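Down below is the structure, laid out as structure tokens.
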Amino acid sequence: MDLVALLAIQVLYAIASLALISVGLAIIFGMMRVINLAHGEFLMLGGYAAIVATSHGISIWIAMLVVAPIVVGIIGVVIERTIIRFLYGRMIDTMLATWGLSLFLVGLTTAIFGNTTVGISAPLGSFQIGAYRTSGYTLFVIAVAIVVLAAIFAVMRWTRLGLIARGTMQNANMAAALGVNPPRVYAVTFGIGAALSGLAGAVLAPVSGVFPTIGVAYVAKSFITVIGGGAAILSGTVSASALFGTINQIATFVTTPVFGEVALLAAAIVLIRLLPQGITGRFFRRGL
Amino acid sequence: MAAPLLQTQDLSMHFGGVRAVRHVDFSLAEGELRCLIGPNGAGKSTFFKMLTGQLEPTHGQVLFRGQDISHAHAHDIARLGIGIKTQVPSVFDGLSVRENIWLAASRIHSGDKARGAVDDMLERVGLTDAAERLVGQLAHGQRQWVELGLVLATDPELILLDEPAAGMTHEEVNKTAELVREINRTKALIVVEHDMQFIRMIAKQVTVFNQGSVLVEDSVENIMRNPQVRDIYLGKQAAA
Amino acid sequence: MNARTLNLLGLGVVGVAGIAFLVLVPRLFELDVVLELTVYMIMAILALSLALIWGYGGILCFGQSAFFGLGAYTYAIAMFNIGESTIPLLLAVLVPAAFAALLGYFMFYGRISDVYLGVITLTVTLILFNSINSTAGPEFHIGSARLGGFNGIPGIPPLNFPGNKGAPIDLEGMFYLATASLLATYFGLRLLLASRFGRIIVGIRENERRAELLGYDPRAYKLATFTIGGALAGFAGCLFANWGNFVSPTIFGLAQSAQIIIWVIVGGRGTLIGPIVGCIGIQWLTTALGANQPSGGSDLWAKIFANAPLIFGVILIAFVLLVPKGLVPTLGDLGQWLLSSFGKRKTRLQPKRAEEG
């Protein structure tokens, strides 16, 4: 019974972390059809932002939940204005340019911070479930994921910003004709997507530590979650994370963490083959 | 009566909630030229796409020389002998006119025979002078002829032309009509067009589509006088 | 016939330069330079494999390193088990080719396109990386070859003259083999691309739908192209394993994949010479940037990461934004523009003659 509870928490954690690392990319891809291969680096920068902030005495909670998103969000806006906006409509070229950006950011952070892993200790203690101990931080991550997804839902559904975003997503020309400024919407959207990625990177920093090339671990998984999820941002991310997270965790539980990773990647390939438009290309189509 | 070259039986296409083509029975004899007319959104292009295998019908059958091709691959149908010139010219823009036609001709010829066939086709569509130019840089009318040349070079039995005269000058329209009549001496054609003058230059029998189904089939003169046909073009509902 | 003579002239120049290079380099340079140039030749073959698949076939493959790595690992494993190099060499080409055929079948007959191709191929190479990286214990072996995990496989025996186990190839021989292979690959691909097959795959790249409507099955052609490219990359991998006598899982990594794509983009996607130039240029740049050892060891990547990513990143961004066609085609366009402005000047001096004609 305790084992079931433990496994359930592990599965939820896997889903939550997948959702967190993917939702920023989902927003950027869903809104602007931009494949941002520097996404992993946004996560990495979020981690470093949190670490730098804490080393200057800022509370770890504020560093992770406030400083990191703001810093990475601003970086995102700058990148959109200087690189991305020249490449709209050219999907392959965007992929390539953002790959270059990814390399650049890795090089830059290595030059500034060096090659070694920097850690923050997970601030919440552990607690007991029957015969097993698990980290309280796990629950924190799950909670953050739920709050973030709920917040996105609320903004998309009930605010003017969300309506403008959805409108521009459906039909940019029409939105422009109605007085919305698509370039500004794109810049803001990219910034928000970046900010969310920064948040995720910061929140996950105590779990894995931060080093310049940590983006590599994140980029493939978040990509296949976004593409596996399909066009609808929220329901896509949630359904794909749920599917892949569960497969990952169960495979890990039954074999090894490495196999868990492989299982996730393999499941993604099968999914894309069966549902080329992603999950929400077929199911939950009207979702947000 | 000789077996028809092409036949559709109860052919239908549904997209989500839209019924683009509804229960169409259509028949074309060997060597016949038929015009397909109807207002925008009547389902003509969708109908064509089912004939070439670009779309699979949700219901019904397409028979080519008695063979069921309803769910065949597009490239297999092309090899059976159906060619299409699409509404928006679909050609190899980054290649020269000669290379475009070579790609088509080399599907049925090889080596020198292919090269000879290319030269012949260039002359037939009047593009010998433009042979080395990149198709993407040609004028619209010329690009239509490149596509026509492509289609003819594979020597199909049945040729579908989707708005071959669109965007052309008066001279180009005349030339295209002449080309179509010449093709019709040996091949069957189905031509979708809006330009009534063009249709009068080429057609004998006309099929009128409206809202996914066949409204009426008759000779050109009768169609032009048919009040129902006039109504659907002017927007009034045709009698059920 | 102007374009054709220019074409043949170009081929002639490449041929002569290539043979001169082959013959002169070992005579003019020290062994360490020859060693360096050998790996450039090998990587150029890898670049050509992606040039075929992506530049000419239009197939966006982000995981070309998968076939490269499979070739290297297959050679190493087979060599440890068999001892004589003819079969390992053959396997090093066939295994990646078979893998490419399988993956290609899965993708192309599943009508997967463009972006998704990129994601899937990327994922595949990552699966290989993750899997092999974790095979460090002694229990992970194929026959008498330990997979080695993140430590890699050291001490890979070199190729020997066919049938003669006791006559391994030496460093100079390696250079001859690599350079000759590159030349053979280049001319072989030129032949392939000028053939009916080659022209059809270009047509499919230009307009797949139209090629289909003309009666060509794009899935089959893409599969063939992908398999040939995989085989080439595998061959390059085998040569690479020979060159460094070492292979590690980083060969499957994101960094290696990115490199191959950068070579092709910088050099020029629609050509063969372009990727060769891009590859050799960037390899040389990498060496000049501070890697004092020949590329190969896993700690080299750690060193490179300090400098090269920054520079490569900027190069990639700059090229995508400013020189999207790549170096060789852009230089070609520049050359054509210069030639045509010469032509213009000529006609202006003789207007009457033109009118009379």
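With the crude spin-label approximation of a point 7 Å out along Cα→Cβ, what separation in nm comes out for residue A:207 versus residue C:24?
With each label point 7 Å from Cα toward Cβ, the separation is 5.9 nm.
Please order B:120, B:162 by the number of other Cβ within 10 Å, starting at the fewest.
Working: B:120 15, B:162 21.
Fewest-to-most ranking of B:120, B:162: B:120, B:162.
My understanding is that a pair violates if its Cα-Cα distance is over 32 Å; which of C:165/C:222; A:221/C:222; B:113/B:187; B:44/B:187; B:187/C:325; C:222/C:325 do that in this structure?
Going by Cα-Cα distance, C:165/C:222; B:187/C:325 fall outside the 32 Å limit.
Over all alpha-carbon pairs in the stretch C:196-244, figure out the percentage whose distance exceeds 17 Å. Don't skip to the end; give the middle numbers.
Details: 514 of 1176 pairs.
Tail of P(r) above 17 Å: 44 percent of Cα pairs.
Compute the distance from the alpha-carbon center of the stretch A:235-288 to that of the stretch C:81-150, in whole Å.
One Cα centre to the other: 23 Å.
Report the relative contact order of chain C, percent, no decimals, based on alpha-carbon pairs under 8 angstrom and at least 6 residues apart.
Answer for chain C is 28 percent.
Loop only by DSSP, 16 or fewer other Cβ within 10 Å of the Cβ. Give me the GluC sites (Glu not before Pro) in the stretch B:131-205 that pass, ordered by residue number.
B:132
For every helix of n ≥ 4 consecutive DSSP H residues, a contribution of -39,500 (n - 2.57) applies; sum these over chain B, divide by its total residues, and give [θ] at 222 nm rounded to the nearest 500 deg cm²/dmol.
Estimated from H runs of four or more residues: -11000 deg cm²/dmol.
Taking H as built 1.01 Å from N, whose amide H comes closer than 5 Å to the amide H of residue B:215, not counting residues under 5 places away?
Result for residue B:215 returns B:208, B:209, B:210.
So for the stretch B:90-155, averaging the separation of alpha carbon pairs under 8 Å that are six or more residues apart and normalising by length, what relative contact order in percent results?
Value for the stretch B:90-155: 49 percent.
Just the Cα atoms of the stretch A:25-145: what Rg and Dmax do they give in Å?
Computed over the Cα atoms of the stretch A:25-145, radius of gyration and Dmax are 17.4, 57 Å.
What residues have an amide H closer than 5 Å to that of residue C:60, excluding those fewer than 5 places away on the same chain, when H is modeled at 1.01 Å from N in the peptide plane?
Those qualifying (amide H under 5 Å, at least 5 residues apart or on another chain) are C:114.
Please tell me the relative contact order of chain A in percent, rounded to the nearest whole number, where contacts are Cα pairs under 8 Å and at least six residues apart.
It rounds to 34 percent for chain A.
Take residue C:3 and residue A:92, extend 7 Å from each Cα along the Cα→Cβ direction, and tell me the distance between the two endpoints in nm.
That separation, rounded to one decimal, is 2.0 nm.
On C-alpha positions alone, give me the angle between the axis of helix C:114-133 and the longest principal axis of chain C, in degrees, nearest 10.
Roughly 20 degrees, rounded to the nearest 10.
Fewest first, what order do A:141, C:314 take by the number of other Cβ atoms within 10 Å?
Fewest-to-most Cβ neighbours within 10 Å comes out as C:314, A:141.
Using only the Cα atoms of chain C, what semi-axes does the equivalent ellipsoid have when each is the square root of 5 times a gyration tensor eigenvalue? Give whole Å, largest first.
In descending order the semi-axes read 37, 25, 20 Å.
Can you give the average number of partner chain beta-carbon atoms within 10 Å of each beta-carbon in peptide B:194-201, as a whole number?
Mean inter-chain Cβ contacts per residue within 10 Å come to 0.
When you look at the Cβ of every residue in A:32-39, what mean number of other chain Cβ atoms sits within 10 Å?
The mean count of partner-chain Cβ atoms within 10 Å per residue comes to 1.
What number, rounded to the nearest 500 deg cm²/dmol, is the helix-based mean residue ellipticity at 222 nm of chain C, given -39500 (n - 2.57) per DSSP H run of at least four residues and division by all its residues?
Values: 14 runs with 261 residues, N = 357.
Estimated from H runs of four or more residues: -25000 deg cm²/dmol.
Among rounded, prolate and oblate, which fits the stretch C:24-106 when a ≥ b ≥ c are the square roots of the eigenvalues of its C-alpha gyration tensor, a/c under 1.5 means rounded, and a/b larger than b/c means prolate? Show your work: numbers first, answer last.
Values: a/c = 3.09, a/b = 1.27, b/c = 2.43.
Oblate is the answer for the stretch C:24-106, as a/c is 1.5 or above yet b/c matches or exceeds a/b.
Could you work out the mean count of beta carbons from other protein chains within 10 Å of each residue's beta carbon in B:86-96?
On the way: counts 3, 0, 0, 1, 6, 3, 9, 3, 6, 5, 1.
Rounded to a whole number, the mean comes out at 3.
When the Cα atoms of the stretch A:2-282 are enclosed in a convex hull and the volume is divided per residue, what value in Å³ results?
So the per-residue Cα hull volume is 133 Å³.
For a test of the definition: using alpha carbon positions, the gyration tensor, and the 1.5 limit on a/c, classify chain B as rounded, prolate or oblate. Mind showing how you got there, number by number?
Working: a/c = 1.86, a/b = 1.44, b/c = 1.29.
Prolate, because a/c is 1.5 or more and a/b exceeds b/c.
I'd like the antiparallel share, as a percent to the nearest 5, of DSSP beta bridges with both residues in the protein assembly as shown.
Once the DSSP bridges in the protein assembly as shown are tallied, antiparallel ones form about 60 percent.
Rounded if a/c is under 1.5, else prolate if a/b beats b/c, else oblate: with a ≥ b ≥ c from the C-alpha gyration tensor eigenvalues square-rooted, which is the protein assembly as shown?
Oblate, since a/c reaches 1.5 and b/c is not below a/b.
I need the peptides C:209-216, C:277-284 ranked by packing, meaning the mean over residues of other C-beta atoms within 10 angstrom, with the highest value on top.
On the way: C:209-216: 23.2, C:277-284: 21.2.
Most protected by this proxy first, the peptides run C:209-216, C:277-284.
Using the Cα centre as the reference, give the magnitude of the dipole from point charges on the C-beta atoms of chain B (Lys, Arg: +1; Asp, Glu: -1; all else neutral), rounded to the nearest 20 debye.
The dipole magnitude comes to about 360 debye.
Can you tell me the order of B:76-85, C:256-265 when each peptide is scored by its average per-residue count of other Cβ atoms within 10 angstrom, highest first?
C:256-265, B:76-85
Bear in mind that the values in this text are calculations on the coordinates, not laboratory data. Just so it is clear, the structure is predicted and the values come from calculations on it, not from any experiment. Don't worry about glycine lacking a Cβ; one is built from the backbone with ideal geometry, like all the others, and counts go over all protein chains shown.
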